[in-house]
1. For the range 242-258 and the range 86-160, what is the centre-to-centre distance using only Cα atoms, to the nearest Å?
2. Quick one: with all protein chains in place, what share of the accessible area of the chain is carbon or sulfur, to the nearest percent (1.4 Å probe)?
3. With every protein chain in place, what's the accessible area of Lys75 (1.4 Å probe, Å², nearest 10)?
4. Check every DSSP H run in the chain and write down those whose alpha carbon atoms cover 24 angstrom or more along the long axis and whose mean Kyte-Doolittle hydropathy is 0.5 or greater.
5. Could you estimate the translational diffusion coefficient of the range 344-407 from the Stokes-Einstein equation, with Rh from the Kirkwood formula over C-alpha pairs, at 25 °C and 0.890 mPa s, in whole µm²/s?
6. Working with all protein chains in place, sort Cys399, Cys87 by solvent-accessible area computed with a 1.4 Å probe, largest first.
7. Considering only Cα-Cα distances, which of the following residue pairs are longer than 31 Å: Lys75/Lys136; Lys38/Lys295; Lys71/Lys136?
8. Please report the relative contact order for the range 1-124, taking Cα pairs under 8 Å with a sequence separation of at least 6, and give it as a percent rounded to a whole number.
Amino acid sequence: MSQKQTTNYLFPLIIVFIVCFLIGFITTMNNSMIEFCKEAFQLSDTQGQLVNTFFYGAYFFSIPFAMMMNKIGYKATLVLGLAVVGCGFIANNLGVTAALGTANVYTVFLCCMSIVALGVVMLQLVANPYVMVLGKKESGAFRMTLSQALNSVATTVAPIFITYVIIAGKPKLPENVPGPFLILGIFALVIAAILFFIKLPDPDMDKKEDAEEAIADANKYKSSVFKYPHVWFGALAIAMYMGLEIGIPSMLPAYWKADPNLPGSATDYLPLYWGGMMVGRFVGSAILAKFEARKLLTACLILGACCVGISFFLPGMAAVYAMLAAGLFHSVMWPLIFNLGLQELGPHTKNASGLINMGVLGGATLPLVMGAIVDNPALGVGVAIMLMFVYYAYVLWFCNWGSKIGINVK
């Protein structure tokens, strides 16, 4: 017992924090590549959104990877996830370079980024549990907040990285797409190697006590997580939220397509959106201590929808800034939706978490639908953005009504 208390996990914790940073960085970097890829590969809006489809489509494997994690353990999953990320980046650099001048170059890029995404899904399964156990139990909430802050910083830095490192004034050609992916791949493999030789605690070290508690409380809960309607509604709410979070940065290039006189490019302004989400997470964590979660989520949904609605009536860059401002209110939606979907589940909480996480597939499908609408001359970007009001409406319904179905919540 004393050995457990005196173990110094500072270095492993720093490494896991780097992993949390990488998750946010890679996810946002992928989305920020859309505008550059569209011009480099000469794509339509629908084809450009395939970047999101191939990346977020990897979340289809959330449950199979969770089952794998139960077999091989948390540490092996963490190391494997980093190795897959590293190999995906290296394959992207080498594969795109080898495919230059062929019709398959964009397909190679997408497939390699989907490999990276598979690794990211594995990392997301294990990163938060490790943050909670690498240190004293009473400071776990602080470590979790810090990891989320690093994730937010990463989402802000990634578009800047795209603009000033990958693009950096280079011609928008296929040979400039891989950029420093080779370096990123090697970095991920180095982190994987370090973690392989580090001793890490088991996040399930208390699972015996949890199992005993679950058996004692078994009569309070239904026989299966699939029998809880609010879990299914929560998964769909996460899917709709992904349409909001990814929809704005994905649709932003369409503003420049509709008005070529706008200054710069959409990528130049993406840090404002992700930066707004970063600020919103810090502010939201303080506000949540004073206000009920449902009321805060309802307010954020209404204010986010107002930002998008106002953008329809503003000219030029004012419309762009209104859209970007929605990020401030999108910032706290994910954890609030997720927690509402996990209410009163007891021993089913872990399985429900994997099921709700499948909702991330909304990031693979909804932006693709919006891109197809933009490509349709009879519809256009305005109709695509109006689709976001459907997403807002559903999440609002889930927050105030759907999340209460089948459970004892007033």
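The values are calculated or read from the model by the stated rules, or taken from the named source; none is laboratory data. Computed from a prediction, not measured in an experiment: that's the story for all the values here. When we count neighbours, we look across all protein chains shown, and the Cβ atoms used for this are built from the backbone with ideal geometry, even at glycine. With ligands, DNA and RNA removed, areas are computed over all heavy atoms of the protein, side chains included. Shrake-Rupley method; radii C 1.70, N 1.55, O 1.52, S 1.80 Å.
1. Cα centroid to Cα centroid, the span is 21 Å.
2. Carbon and sulfur together cover 69 percent of it.
3. Roughly 60 Å² of Lys75 is accessible to a 1.4 Å probe.
4. Values: long enough: 10-32 (33 Å, 2.03); 74-99 (36 Å, 1.37); 105-133 (43 Å, 1.98); 140-161 (31 Å, 0.82); 229-258 (42 Å, 0.83); 266-288 (32 Å, 0.80); 293-311 (27 Å, 1.61); 381-400 (30 Å, 1.78).
Qualifying helices, which must be both long enough and hydrophobic enough, are 10-32, 74-99, 105-133, 140-161, 229-258, 266-288, 293-311, 381-400.
5. Details: Rh = 14.1 Å.
Translational D for this selection: 175 µm²/s.
6. Per-residue accessible area, sorted high to low, gives Cys87, Cys399.
7. Working: Lys75/Lys136 19 Å; Lys38/Lys295 40 Å; Lys71/Lys136 27 Å.
Where the Cα-Cα span goes over 31 Å, the pairs concerned are Lys38/Lys295.
8. 30 percent
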